[in-house]
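What follows is one structure encoded as structure tokens, with my remarks underneath.
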Amino acid sequence: MSLNLFWFLPTHGDGRYLGTAEGGRPVTLDYLKQIAQAADSLGFGGVLLPTGRSCEDSWIVASALVPLTERLKFLVAVRPGLQSPSVAARMAATLDRLSGGRLLINVVTGGDPVELEGDGLFLDHDERYRLTDEFLTIWRRLLAGETVDFVGRHLKARGAKLFYPPVQAPHPPLYFGGSSPAGQQVAADQVDYYLTWGEKPADVAAKIAEVTAKAAAAGRTLRFGIRLHVIVRETDDEAWRAASDLIRHVDDAKISEAQKTFARFDSVGQQRMAALHQGTAERDRRALEVSPNLWAGVGLVRGGAGTALVGDPETVAARIREYADLGVDTFILSGYPHLEEAYRVAELLFPLLPAHQAVAPGSQAGLGGPFGELIANELVPQRKVVR
């Protein structure tokens with residue numbers, strides 16, 4: 001299986017440590033441009049842009065970065081209940097055309113009732129997924145060129161149409177994550193890729209089986225992706241020291257405050273993330289290593305994706321292949337800080353994985369690299385062959 005390896009744009013902040021301003025970096029267009037261009041040149045297939053009130057707007061950021069990149073795809077969120085499906089369809093078609101078909105759509109229903117109420121959405125968990133289903137029914141029909149009349153429980157449309165089609169037919173691919181039965185049913189009925197956060201392989205396998213069965217009942221097939229942080233170093237000991245260092249400024253008070261906020265979420269996925277670490281402040285590697293090389297330390301103070309694969313390149317690549325063997329073909333990776341770690345992941349992991357890389361033409365030919373600095377201005381360094 002050829003794997004799709006994506007990276008992450010930290011539009012809600014970045015730095016060398018979690019839970020502190022020490023080593024922090026501002027979210028500026030210049031910094032995001034550096035990360036996007038690095039991902040583009042290194043061969044990552046795309047980047048995920050997060051969404052929510054803690055983030056810069058993903059559509060505006062993607063629009064700013066599209067002309068600064070060449071091959072990179074942008075996984076951008078639509079928000080059912082916060083956008084009308086017809087407006088979201090026009091935005092998607094426009095950005096897909098202007099980017100030359102480099103738009104991917106992340107459908108985000110949302111899991112924080114307090115934030116959603118601040119944005120004007122007052123629906124309980126399952127009703128939000130019913131709204132999402134209606135939204136995608138209208139959105140997909142519009143992108144396919146239909147004139148849409150629709151009456152649902154939450155949405156209505158009369159004579160809705162899209163004049164300018166997207167480049168990708170019938171629409172840019174739809175990505176979606178939802179761990180509850182209601183979320184899984186939306187995935188089975190509507191989307192192209194089902195996403196999960198980084199859970200234990202056995203739990204991921206169970207989710208894939210559940211969603212596959214639901215999709216089959218609807219006469220559909222899905223592809224699968226996973227969202228993971230990565231802490232990879234040349235040796236296993238270095239990697240685990242880096243994991244411990246990442247949370248060196250995270251104390252009991254910060255963990256308690258973060259977990260208090262996450263407790264109000266009605267997201268089943270967030271609840272599953274929290275169950276992995278149980279809010280423990282224990283820094284011992286074994287307390288937070290919930291599965292071989294799967295470390296839950298990130299989730300102590302970060303919402304959403306809270307686990308990282310930790311280890312030397314061969315070990316981390318082996319863990320990625322374990323998920324691939326379950327049917328996962330898209331890996332949305334990240335690491336702190338995101339600029340330097342993009343280079344580290346590409347250098348250490350790409351040679352070990354059967355990845356589909358969007359590499360610039362000619363970049364691997366002759367002295368196009370990567371090869372490092374010439375030895376004595378004359379000898380080309382050789383890469384060690386990993387067996």
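The values are calculated or read from the model by the stated rules, or taken from the named source; none is laboratory data. Not measured: the values here are computed from a predicted model. Ideal geometry is used to build each Cβ from the backbone, glycine not excepted, and the neighbour counts take in all protein chains shown.
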Count, please, the residues in segment 30-50 that happen to be buried (at least 19 other Cβ atoms within 10 Å of the Cβ) and free of Cβ contacts under 8 Å to residues at least 40 places away in the same chain. 2
Boolean, ASP124 is surrounded by 14 or more Cβ atoms within 10 Å (Cβ to Cβ), touching a residue at least 12 places away in the same chain (Cβ under 8 Å) and farther than 18 Å from GLN190 by Cα: no
Number of the exception - HIS249 against (1) closer than 25 Å to PHE331 by Cα; (2) modelled with pLDDT under 95; (3) outside any helix (DSSP H, G or I): (1)
Considering only segment 4-43, how many residues are charged (D, E, K, R) and closer than 19 Å to PRO67 by Cα? 3
Check whether at least one residue in segment 99-114 is crowded, with 16+ Cβ neighbours inside 10 Å, part of a helix (DSSP H, G or I) and at pLDDT below 95, and report yes or no. yes
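For every residue, the table says whether it meets (1) surrounded by 20 or more Cβ atoms within 10 Å (Cβ to Cβ); (2) among the β-branched types (Val, Ile, Thr).
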{"site": "LYS260", "(1), (2)": "no, no"}
{"site": "PHE265", "(1), (2)": "yes, no"}
{"site": "VAL268", "(1), (2)": "no, yes"}
{"site": "ARG272", "(1), (2)": "no, no"}
{"site": "ALA318", "(1), (2)": "no, no"}
{"site": "GLU340", "(1), (2)": "no, no"}
{"site": "ALA346", "(1), (2)": "yes, no"}
{"site": "LEU349", "(1), (2)": "yes, no"}
Considering only strands (runs of 3 or more DSSP E) wholly within segment 150-226, the ones with at least 1 residues that are surrounded by 21 or more Cβ atoms within 10 Å (Cβ to Cβ) and not β-branched (Val, Ile, Thr) are 174-176, 193-197
Among the residues of segment 44-88, how many are among the aromatic types (Phe, Trp, Tyr) and not in a loop (DSSP other than H, G, I, E, B)? 2
For segment 1-31, name all the residues that are under 20 Å from the mean Cα position of the chain (by Cα) and of a type in the set (Asp, Glu). ASP14
So MET91 clears everything in (1) touching a helix residue (DSSP H, G or I) at 6+ places or on another chain (Cβ under 8 Å); (2) part of a loop (DSSP other than H, G, I, E, B) except one condition, right? Which one? (2)
